[in-house]
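Working notes, beginning with the structure itself.
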Amino acid sequence: MNPVPAALPVLETARLQLRPLEAADAEALHPTLSDPVSMTWWSHPPMESLAETRAHLERNAASSDWRNCVFVPREGGSAIGFVAVGEKRNGACELGYMIAREHRGSGLAREAVSAVLDHLFAAEGRRRVFADTDPDNMASRALLERLGFTLEGRLRAEWETHIGIRDSLIYGLLRDEWLGARPR
């Protein structure tokens with residue numbers, strides 16, 4: 001296994017600042033992580049308490065396998081979503097993300113994920129990023145497709161979740177595809 005790169009740096013976009021996840025983000029992220037609608041497609045059920053969310057975020061912030069960042073409005077405020085990068089193989093990593101329900105459809109998730117992809121491909125020189133999503137999670141699938149990811153396969157009965165045994169769709173994006181498609 002590769003050595004884990006340092007935490008993602010602070011990144012800025014037109015409307016967002018992305019910074020490393022902190023346990024103090026629990027209050028801001030708890031409404032989303034405890035929302036049954038938001039958590040439908042996750043591999044675990046909604047968080048039941050703020051203490052559970054805080055403990056979950058503390059584990060994520062200290063993870064050696066995942067680098068987690070939150071995104072906040074550039075003008076200030078609390079976290080409205082997060083992006084996580086899982087270290088998988090030399091040059092390849094997995095991507096996960098979530099945004100608060102009230103911000104869906106605003107383009108902010110696309111903006112945040114794009115900033116992370118720019119960093120992974122341009123600054124870190126990654127060759128591949130992939131995402132694992134539930135086939136019925138149409139919003140996530142649409143975001144991945146808008147970002148240029150290609151549906152690469154379906155893993156049948158891959159996850160046992162709080163909503164049952166679920167298939168998983170794997171979407172992939174290569175460095176040349178991302179860098180070649182981005183206006184500079």
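In nanometres, what is the gap between the two model label sites at Thr150 and Asp136, each 7 Å from Cα along Cα-to-Cβ?
With each label point 7 Å from Cα toward Cβ, the separation is 2.9 nm.
Could you pull out the GluC sites (Glu not before Pro) across segment 2-61 that fall in loop regions by DSSP (anything but H, G, I, E, B) with no more than 14 other Cβ atoms inside 10 Å? Before the final figure, lay out each step's value.
Values: sites: Glu12, Glu22, Glu27, Glu48, Glu52, Glu58; in loops: Glu22, Glu48.
Answer in residue order: Glu22, Glu48.
Rounded to the nearest percent, how much of the accessible area of the chain (1.4 Å probe, protein heavy atoms only) is carbon and sulfur? Please list the in-between numbers first.
Details: 4830 of 9310 Å².
Answer for the chain: carbon and sulfur cover 52 percent of the accessible area.
Work out the FRET efficiency for Ser106 and Ala24 from their Cβ-Cβ distance, taking R0 = 25 Å, and round it to the nearest 0.05.
On the way: r = 24 Å, r/R0 = 0.96.
The formula returns an efficiency of 0.55 here.
How long are the three semi-axes of the equivalent ellipsoid for the chain, computed from the Cα gyration tensor as the root of 5 times each eigenvalue, in whole Å, largest first?
Values: eigenvalues 106, 86, 55 Å².
The three semi-axes for the chain are 23, 21, 17 Å.
Working out 0.36 nm times the residue gap between Asp65 and Ala6, then minus their Cα-Cα distance, what length gain in nm do you get to one decimal? Walk me through the numbers on the way to the answer.
Details: separation 59, 0.36 × 59 = 21.24 nm, distance 1.11 nm.
Computed gain between Asp65 and Ala6 is 20.1 nm.
Express in nm, to one decimal, how much length is gained between Lys88 and Ser43 on full extension, taking 0.36 nm for each residue of separation and deducting their alpha carbon distance.
Numbers: separation 45, 0.36 × 45 = 16.20 nm, distance 1.83 nm.
Additional length available on full extension: 14.4 nm.
The values are calculated or read from the model by the stated rules, or taken from the named source; none is laboratory data. Everything quoted here is computed from the prediction, not taken from an experiment. So basically every Cβ, Gly included, is an ideal-geometry build from the backbone, and we count neighbours across all protein chains shown. The area values use the complete protein model at the heavy-atom level, side chains included, leaving out ligands, DNA and RNA. Shrake-Rupley method; radii C 1.70, N 1.55, O 1.52, S 1.80 Å.
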